[in-house]
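Chemist: Structure provided below as structure tokens; questions to follow.
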Amino acid sequence: MYFNKTIETMNREDMKKLQAERLKKTVERVYNNVPLYRERFDEYGIKPEHIKTVDDLKNLPFTYKTDLRDTYPFGLFAAPMSEVIRIHASSGTTGKQTVVGYTKNDIDIWAECVARSLVSVGATSKDIVHDSYGYGLFTGGLGIHDGATKLGAAVIPVSSGNTARQVNIFRDFGSTILCCTPSYAMYLAEALKENNISLDEIKLRIGIFGAEPWTEEMRTEIENGLGIKAYDIYGLSEICGPGVSCNCYMQNGLHVQEDHFIPEIIDPDTGEVLPDGESGELVFTCITKEALPLIRYRTRDISSLTREPCECGRTTVRMSKPCGRTDDMLIIRGVNVFPSQVESVLLNIEGVSPHYHITVDRVNNLDTMDVEVEMSSSLFSDSVKQIQEKEKMIKQALLSTLNIAVGVKLVGPKTISRSEGKAKRVTDNRK
Ligand code: DLL
């Protein structure tokens, strides 16, 4: 099933032509309306008429998050405020927030991208979509809401928080599709048990999770915990929000809505474009946005692309599950470590739960990394000796995957704080 079959199954040649047309218009738009782009293109000696095909994209300069901050709040908008109908913002961890705007057309396109995503994992207008992403300036809540509305599904705009109420709504309203962060999904699975609601009493069948990296191991945990199929949805406010790409029911990569956003993978150090299959930094160019059409935006997310046909019938380019961000990468005694690697190791070990926290520090000029991980209740009731053995085993498994020695501490069930939105899994005291 498709939401827009013509686009989603378009042959690659036609897609490239469509992208070229749209890219040309967008380059003209930003050159004529956004001083930063005009100045930067002039610096590079680029005029809009130089951009004729998608292959010319590589000649355009990148846009960075700092550009949004430097022109805070609306300096990169390419449409007059009278045409802007929505503003979102993402707080980020440091500095000013990133502000993004949408025209009516931008909101319609975003909703279509989300509707396509929902249909690609099997949603229909008969579904009841339980939207537990945060509503407000965050794009998760309203983004999913508008897409589910476009599909004609019934939306429950529950937002995040009040976890006991959420699981009662599952049971009483018969929610069939859950949308939230993967860490909140884990929390909700726990809350079902705590509230004595069995999986037989609820109708959830699909989960659409994103806004933070999560591993295949976490996918299995969530699928078992909630009795659903779990799918990955990706996006970022700067490009639109959720729905830039999404898994289809094959769960093998995320189809990019490339008639609206052209993806590239680059070497983050040199800026060189990498071939399909190679891992690097994901860069997006918006080709239909009116209010904030970013050109070659550096996402900092790490992924790879494939244009191999997908068994679902979609012909759109797929990106691999983002495994983290270049700025999330920890450098411990010179070794690169992604939190997702730690998650994969932990979730392959019996007796530990998917709740963990990493603390990085510098002691006597030496980096240290300590992982706290919760025991399952059965391990918790074992003898001290058995628990110590398990700690040793986890240390060994982390050492062989990461190539660095890591401190491991098993802690009691429910001691690590739960997240209702994006989880904060790392504390780096070196900063
Ligand atoms: O997180 C938009 C969103 C909402 C996506 C709901 C999916 C679902 P921002 O707050 O601007 O927007 O954060 C964007 O979150 O650059 C990635 O680092 C990360 N991210 C988003 N989706 C995924 C995902 C929303 N599926 C940043 N896997 C992005 C891994 C993700 N990381």
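Chemist: Just to be sure I understand, how many residues within region 95-118 are more than 15 Å from ILE7 (Cβ to Cβ) and without any contact (Cβ under 8 Å) to a residue 60 or more places away in the chain?
Modeler: 6
Chemist: Ok, one more. Being within 13 Å of the ligand (Cβ to nearest atom) and over 25 Å from GLN257 (Cβ atoms) is the filter here, so list the residues in region 328-357 that pass it.
Modeler: Hits for region 328-357 are MET329, PHE338, PRO339, GLU343.
Chemist: Hey, another quick one. Considering only region 180-221, state which residues are away from the ligand (no atom under 11 Å from the Cβ) and among the β-branched types (Val, Ile, Thr).
Modeler: ILE197, ILE202, ILE206, THR220
Chemist: Hey, can you tell me all the residues within region 378-431 that are among the hydrophobic types (A, V, I, L, M, F, W, C) and within 16 Å of the ligand (Cβ to nearest atom)?
Modeler: If the condition is that a residue be among the hydrophobic types (A, V, I, L, M, F, W, C) and within 16 Å of the ligand (Cβ to nearest atom), then ALA423, VAL426 are the ones that fit.
Chemist: Restricting attention to helices (runs of 4 or more DSSP H) lying wholly within region 308-418, give those where 1 or more residues are surrounded by 15 or more Cβ atoms within 10 Å (Cβ to Cβ) and not hydrophobic (A, V, I, L, M, F, W, C).
Modeler: Fully inside region 308-418 and qualifying: 339-347, 384-402.
Chemist: Could you check, for region 227-242, whether at least one of its residues is farther than 15 Å from ARG116 by Cβ, open to solvent by 30 Å² or more (accessible area, probe 1.4 Å) and of a type in the set (Gly, Ala, Ser)?
Modeler: Within region 227-242, one or more residues are farther than 15 Å from ARG116 by Cβ, open to solvent by 30 Å² or more (accessible area, probe 1.4 Å) and of a type in the set (Gly, Ala, Ser).
Chemist: Output the residues belonging to region 49-89 that are farther than 30 Å from LYS17 by Cα and not in a strand (DSSP E or B).
Modeler: Within region 49-89, THR66, ARG69, ASP70, THR71, TYR72, PRO73, PHE74, GLY75, MET81, SER82 qualify.
Chemist: Right, another one. Could you pull out the residue among LYS16, LYS58 that is open to solvent by 10 Å² or more (accessible area, probe 1.4 Å), without any contact (Cβ under 8 Å) to a residue 40 or more places away in the chain and not acidic (Asp, Glu)?
Modeler: LYS16
Chemist: Further question: Find the residue count for region 232-252, including only residues that are near the ligand (Cβ under 6 Å from one of its atoms) and in a loop (DSSP other than H, G, I, E, B).
Modeler: 1
Chemist: Looking at (1) away from the ligand (no atom under 16 Å from the Cβ); (2) surrounded by fewer than 19 Cβ atoms within 10 Å (Cβ to Cβ); (3) in a strand (DSSP E or B), which is the one condition that is false for GLU264?
Modeler: (1)
Chemist: While we're on this one: Kindly indicate the residue of region 267-307 that is closer than 16 Å to TYR64 by Cα and β-branched (Val, Ile, Thr) and also surrounded by the fewest Cβ atoms within 10 Å (Cβ to Cβ) among those meeting that condition.
Modeler: THR270
Chemist: What's the number of the only condition in (1) within 25 Å of LEU188 (Cβ to Cβ); (2) within 14 Å of the ligand (Cβ to nearest atom) that ALA153 fails to meet?
Modeler: (2)
Chemist: If you don't mind, another one. Is there any pair with a first residue in region 198-214 that is free of Cβ contacts under 8 Å to residues at least 24 places away in the same chain and a second that is within 16 Å of the ligand (Cβ to nearest atom) and assigned to a helix (DSSP H, G or I) whose Cβ atoms are under 6 Å apart and which are 6 or more apart or on different chains, and what are they?
Modeler: Here the result reads none, with nothing in region 198-214 linked to a residue that is within 16 Å of the ligand (Cβ to nearest atom) and assigned to a helix (DSSP H, G or I).
Chemist: For region 101-118, how many residues are out of contact with any Gly (no Cβ under 8 Å at 6 or more places or on another chain) and either at pLDDT below 95 or of a type outside the set (Lys, Arg) (or both)?
Modeler: Summing the residues that are out of contact with any Gly (no Cβ under 8 Å at 6 or more places or on another chain) and either at pLDDT below 95 or of a type outside the set (Lys, Arg) (or both) in region 101-118 gives 8.
Chemist: Within region 75-90, is there a residue that is open to solvent by 50 Å² or more (accessible area, probe 1.4 Å), within 16 Å of the ligand (Cβ to nearest atom), more than 17 Å from THR288 (Cα to Cα) and not β-branched (Val, Ile, Thr)?
Modeler: no
Chemist: Restricting to region 120-138, give me the number of residues that are open to solvent by 10 Å² or more (accessible area, probe 1.4 Å) and either of a type in the set (D, E, K, R) or not in a loop (DSSP other than H, G, I, E, B) (or both).
Modeler: 2
Chemist: Among (1) at pLDDT 95 or above; (2) within 23 Å of THR326 (Cβ to Cβ), there is one condition SER90 misses while meeting the rest; what is its number?
Modeler: (1)
Chemist: Something else about it: Just one of ARG38, ARG69 is farther than 25 Å from GLU13 by Cα and open to solvent by 90 Å² or more (accessible area, probe 1.4 Å); which is it?
Modeler: On inspection, the qualifying residue turns out to be ARG38.
The values are calculated or read from the model by the stated rules, or taken from the named source; none is laboratory data. For clarity, every value in this text was computed on a predicted model and none was experimentally measured. Note that we place each Cβ from the backbone using ideal geometry, even for glycine, and neighbour counts take in every protein chain shown. To get the accessible areas, we keep the full protein, side chains included, count just its heavy atoms, and leave off ligands, DNA and RNA. Shrake-Rupley method; radii C 1.70, N 1.55, O 1.52, S 1.80 Å.
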